[in-house]
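A.B. asks: Take a look at the following structure, please.
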Amino acid sequence: MEQEVKPMWLKVFVSSTKEDLKEERKAARDAILNLLTIHDLPFKPVMFEYEFGSHPSSPKQTSLEYVRDSDIYIGIFGERYGSFLPKNGLSITEREYMEAKKFGKYKLIYVKEVEENKREEKLNDFLKKIEDIEEGHTTGKFENSYELKEKIKDDLLSYHRRFGTKKVVTVSIKSTPPGAIVFIDGKYVGETD
């Protein structure tokens with residue numbers, strides 16, 4: 001009797017403001033789905049408007065649950081910071097990023113090239129934290145949805161070449177002295193600054 005082997009999906013959570021980045025969200029979804037249909041790679045998009053459905057929990061809680069359940073977090077940022085959550089004054093988009101960071105998700109960040117004065121001040125402040133030279137991420141810049149789609153596709157292909165279908169957890173190592181050599185599972189991963 002032959003047993004069906006189910007693919008090990010790599011769930012890719014796409015976070016952004018919704019209304020102003022509709023084209024970019026569609027481009028992100030297309031990039032992820034193309035990896036499955038064209039390259040036969042097991043990436044699966046996780047996006048509010050397509051995959052969430054109805055849930056008994058609040059939209060905020062549902063969103064954060066999906067971040068925790070995903071393997072890769074993609075953050076796309078343009079001009080808007082997003083809707084504020086009443087309790088802490090943060091946007092849901094920032095909370096999704098914080099949840100991805102808290103749970104060690106592999107993060108890919110893309111920032112749309114816009115005039116600095118067109119970007120909301122709160123988003124500028126948030127991006128400064130994300131792009132911090134010591135604690136932040138290297139971000140991909142893009143000008144249009146086609147360019148974003150290609151960058152996402154290339155970065156996910158790079159992830160797959162490097163890790164295959166392994167679930168990657170990122171950790172912050174702050175207690176190691178500068179120059180320490182870091183190994184995980186017996187493999188050299190780098191040195192601390």
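Every read-out reported here was derived from the displayed coordinates using simple, explicitly stated rules and does not represent laboratory data. Note that the structure is a prediction, hence the values are computed from the model and not measured. Heads up, the Cβs are rebuilt from the backbone with ideal geometry, glycines too, and the neighbour counts pull from every protein chain shown.
A.B. asks: Can you pull out the GluC sites (Glu not before Pro) in region 1-90 whose DSSP state is coil and whose Cβ has at most 11 other Cβ atoms within 10 Å?
C.D. replies: The qualifying sites are Glu2, Glu4, Glu19.
A.B. asks: What is the calculated FRET efficiency for Lys166 to Glu51, with r their C-beta to C-beta distance and R₀ = 30 Å, to the nearest 0.05?
C.D. replies: So the FRET efficiency works out to roughly 0.85.
A.B. asks: Moving to a separate point now. Which links in Lys60/Lys167; Lys87/Lys149; Lys87/Lys166; Lys102/Lys151 stretch past 32 Å when you go from one Cα to the other?
C.D. replies: Too far apart for the 32 Å limit: Lys87/Lys149; Lys87/Lys166.
A.B. asks: For region 36-101, give the magnitude of the charge dipole about the Cα centre (Cβ charges: +1 Lys/Arg, -1 Asp/Glu; no others), in debye to the nearest 20.
C.D. replies: Here region 36-101 has a charge dipole of around 280 debye.
A.B. asks: Kindly provide the trypsin sites (Lys or Arg not before Pro) of region 42-137 that DSSP labels as loop, not H, G, I, E or B, and whose Cβ sees at most 10 other Cβ atoms within 10 Å.
C.D. replies: Counting only loop positions with at most 10 other Cβ atoms within 10 Å, the trypsin sites (Lys or Arg not before Pro) in region 42-137 are Lys87.
A.B. asks: Moving to a separate point now. Would you please give the residues with an amide H less than 5 Å from that of Lys105, counting only those at least 5 places away or on a separate chain, with H modeled from the backbone geometry?
C.D. replies: Here the answer is Thr170, since their amide H atoms fall under 5 Å of that of Lys105.
A.B. asks: Tell me, what ³J(HN,Hα) does each residue in region 33-44 have, in order and in whole Hz, if you take phi through Karplus 6.51 cos²θ - 1.76 cosθ + 1.60 with θ = phi - 60° and put x for Gly and Pro?
C.D. replies: Each residue of region 33-44 in turn: 5, 5, 5, 6, 6, 8, 9, 6, 9, x, 8, 10 Hz.
A.B. asks: Less than 18 Å apart at the alpha-carbon level, and either on another chain or at least 8 residues along: which lysines does that give for Lys118?
C.D. replies: Lys18, Lys22, Lys128, Lys141
A.B. asks: When DSSP beta bridges are limited to those with both residues in region 10-191, what percentage is antiparallel, rounded to the nearest 5?
C.D. replies: Percentage antiparallel, nearest 5: 25.
A.B. asks: Using the Karplus equation 6.51 cos²θ - 1.76 cosθ + 1.60 (θ = phi - 60°), what ³J(HN,Hα) coupling, rounded to whole Hz, does each residue of region 21-29 give in order, writing x for Gly and Pro?
C.D. replies: Here the 3J(HN,Hα) series is 10, 4, 4, 5, 5, 5, 4, 5, 4 Hz.
A.B. asks: Still on this structure: Among Pro59, Ala27, Asn124, which residue has its Cα furthest toward the positive end of the charge dipole of region 10-191, with +1 on Lys/Arg Cβ and -1 on Asp/Glu Cβ?
C.D. replies: About the Cα centre, the residue reaching furthest to the positive side is Pro59.
A.B. asks: Magnitude of the Cβ-charge dipole of region 10-191, K/R +1 and D/E -1, about the Cα centre, nearest 20 debye?
C.D. replies: Roughly 600 debye, rounded to the nearest 20.
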